[in-house]
Amino acid sequence: MLMNAGDGITTHPAAASTKIIHREPSMRKQLIAAVLISSASMALWAATPATKGARVGEWTMDYDAAKTLAKDKNLPILINFTGSDWCGWCKLMDRQVFSKPEWKAYAKDNLVLVFIDFPQDKTLVPMHLVSRNDALARQFGVRGFPTYFLLGADGTRRLGQLGASHEATPASFIADIRKLLSVEEASRMPEPAP
């Protein structure tokens, strides 16, 4: 049986003469652990895509709301076809690109983000979106994860397709998006007069 003298130190009665001491975790350490756990939980919660509605620069599963927002704001749409809880490449891109402040700063002013998920944990996607996700994957010809499509503000014009890379950074992924957007912009310019 352990005895606690009320000072945070617990001793075994038989060991009192040999001074075997077990120090209880301090309140400060417990508080730090609680803060870290709640911070991690908040980060996961904040990264969870919306299931209804859309906001510029924030992931949503609501494809229709994203198309409406993109048209209203005249912004391109980035669609992320992912297997969020099992796909190694998807997790790599989330960790190396999408979770970084540089990406978030760019996306909040420049993109409507759509998250089309095919997880093993079926509770991650609302049931009413499962068949819609399957239809979108067929429509876009998705053959693997992750696959990223950049669409024009009209929500129908495909500007290009992007993939994952071990070397991907927010800067490199943003540069790839900007290349696709510049090609689109150039293609909409009128031909010079002869």
Table column - 3J(HN,Hα) (Hz), the range 72-81, Karplus curve with 6.51, -1.76, 1.60, x for Gly and Pro: 4, 9, 6, 10, x, 10, 10, 9, 10, 8
Local net charge near residue 98, Cβ-Cβ under 14 Å (Lys/Arg +1, Asp/Glu -1): 0
Using a Förster distance of 22 Å, the FRET efficiency for residue 105-residue 156 (Cβ separation, nearest 0.05): 0.20
The range 92-153 - Debye-derived log10 I(q)/I(0), Cα point model, q = 0.14 Å⁻¹: -0.52
Cα convex hull of the range 47-194, projected area averaged across orientations, nm²: 9.5
Apportionment of accessible area to carbon and sulfur, the range 82-194, percent (1.4 Å): 57
Loop-located trypsin sites (Lys or Arg not before Pro) in the range 134-169 whose Cβ has at most 15 other Cβ within 10 Å (DSSP): 143, 157
Subset of 71/108; 52/104; 67/91 violating a 18 Å alpha-carbon distance limit: 52/104; 67/91
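The values are calculated or read from the model by the stated rules, or taken from the named source; none is laboratory data. Predicted model only: the values in this text are computed from it and were never measured. As a convention, Cβ positions derive from the backbone with ideal geometry for all residues, glycine included, and neighbour counts pool all protein chains shown. Accessible surface areas use protein heavy atoms only, side chains included; no ligands, DNA or RNA. Shrake-Rupley method; radii C 1.70, N 1.55, O 1.52, S 1.80 Å.
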